[in-house]
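Data first, discussion second: the structure below is written as C-alpha cells.
Rule-based calculations on the coordinates, nothing more; no lab input. Keep in mind that this is a model prediction, so the values were computed, not measured. Heads up, the Cβs are rebuilt from the backbone with ideal geometry, glycines too, and the neighbour counts pull from every protein chain shown.
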Amino acid sequence: MAGERVLSQEEIDNAFRSLRDKPDKDDLAKRAQTYDFRRPDRIAKDQLRAIHLLHENFARTLASSLSAYLRAYVAVNLVSVEQLSFMEFSQCLPSPSCLVSLGMKPYEGNAVLEINNSVVFPILEMLLGGDARSTIKINREITEIEQSILDGLYRIILNDLHMSWGTVVALDFAIEGRETEPQLLQILAPNEAVVAISMEVRIGDNSGMMNLGVPSIIVKMLRQKFDQQWSVRKTRSTTEEQERMLHLIRPAGLLLDARLQGPTLELEELLELREGDLLSFDFPVNKPIDLLVNNRYRYSGVLASTGRKKAFEIIHLADDVDQGAA
C-alpha cells in the first residue's frame, strides 16, 4: 500500500527498549499481602509458642495449688492456644457460665477468665464439705453467696497466673467485673483479637474447661520481653534472678544428719553382742563431728544444746575442712 512505511532496525530496537524499561504496574500488587480487617493485631507464631510454654507451666502449678486447696487430686492440662476475635471467643463459651473480667496492671485493658459450670459446682460442693461425687449436672447461674465462696479459688488462680507471667513481665491480675452470660461481657470490641488459652480441669469424675482470653494488643506490646525471656542468655544471672530462684527453693526440705565416722562392724559380730560387751569407737572426744546435708558432707562441728534440745554447732564449712586437709 502507498501509505505504508517500513520501520528501520533502530526504530524497532527503541520500541522494544522502551517497553522493557517501562515500570510494571503489577509489581506492587505482587508484593501486597492479604489483610483481614476482621482480625487485626495478629501476633507471630513464635510468640504463640512462647505463650503456650508459659501456660503449660501455669497448668502444672495450678494443679498443685488446687490439689492442696481442695484436698483432692486435681489435674489441669493445657488444651490449646490460638488467636481469635473477641466475638468468636465469646461465642465458644457456654451459657450460663462463671465469667470475670481481669485487670492487667500496669497495662490498660482487660482479660477474660471463664470456668465451666461442670467444674464450678463440684468445687463449691467440696468447699462446703461434700465429696463432689454426684453425677447430677447443674446448669444454672451461680448466686451471690456462691460467688463470694469462689473468691478463695480466684485468689489461687490469679496468684499462680501472676507467678507464671512474672517470668516475662510483672502483671497484677485483679477481678474488675463478674458476669454469667458471655454476650453481656462487653469489655472488648467484637472484632478485637484475643489470645485464647483453653485448659481442661479434672477433679475426680468431674471435668470441664477453663478459658482465658488475653487481648492480642497487650501481647504484641510484650513482644520484646518474650524474646528476651526465651532467648539463650550468655551473661551471668542478675541479683534479681538469684533472689527469685532463692524464693522458689526456700520452702524445700533438707535432711540433716550428724554422724560419728568411726570403725565398721560386721553383721555377724553385731548379732553376737551380749550385755556387758564393750565397743571401742576410736573417736576422740574433742574430734569434730561431720554434718551431712541430704547425705552429702557439708559441715564439721560439735554437739551442743539449746534449752532442753540437742543441737549442732558448726565450726567449719566443708570447703574449709578440705583446704585444711590439703
| query | What share of all Cα pairs of segment 58-121, in percent, falls into each consecutive 5 Å distance bin? | reply | 4, 13, 17, 24, 23, 14, 6, 1
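Given the convex hull over the Cα atoms of segment 45-232, what projected area results after averaging over all orientations, in nm²? Spell out each step's value before the answer.
On the way: hull surface 40.6 nm².
For segment 45-232, the mean projected area of the Cα convex hull comes to 10.2 nm².
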| Separation between the GLN186 and ASN57 pseudo-spin-labels, each 7 Å from Cα along Cα→Cβ, expressed in nm? | 3.9 nm
| remark: For LYS105, placing the label point 7 angstrom along Cα-to-beta-carbon and taking segment 143-185, residues whose amide nitrogen sits under 13 Å are 171-176
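Multiplying the sequence separation of GLN147 and GLU11 by 0.36 nm and subtracting their Cα-Cα distance, what value in nm do you get? Write down the numbers at each step before the final one.
Numbers: separation 136, 0.36 × 136 = 48.96 nm, distance 8.72 nm.
That works out to 40.2 nm of additional length.
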| said: Can you compute the FRET efficiency between ARG296 and ARG71 using 1/(1 + (r/R0)^6), with r the Cβ-Cβ distance and R0 = 56 Å? Round to the nearest 0.05. | reply: 0.95
| task | Along Cα→Cβ, 7 Å out, is where each label goes; now give me the distance between the ones at MET87 and LEU270 in nm to one decimal. | result | 7.8 nm
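At a Förster distance of 25 Å, what's the computed FRET efficiency of THR306 paired with ASN159, Cβ-Cβ distance as r, to 0.05? Walk me through the intermediate numbers first.
On the way: r = 36 Å, r/R0 = 1.45.
So the FRET efficiency works out to roughly 0.10.
Hand me the tally of lysine pairs in segment 45-232: alpha carbons under 26 angstrom apart, and the pair either on different chains or 8 or more positions apart.
On the way: LYS45/LYS105; LYS45/LYS220; LYS45/LYS225; LYS105/LYS220; LYS105/LYS225.
Lysine pairs meeting both conditions in segment 45-232 amount to 5.
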| Cβ-based exposure ranking for LYS309, LYS287, in which fewest neighbours within 10 Å come first | LYS309, LYS287
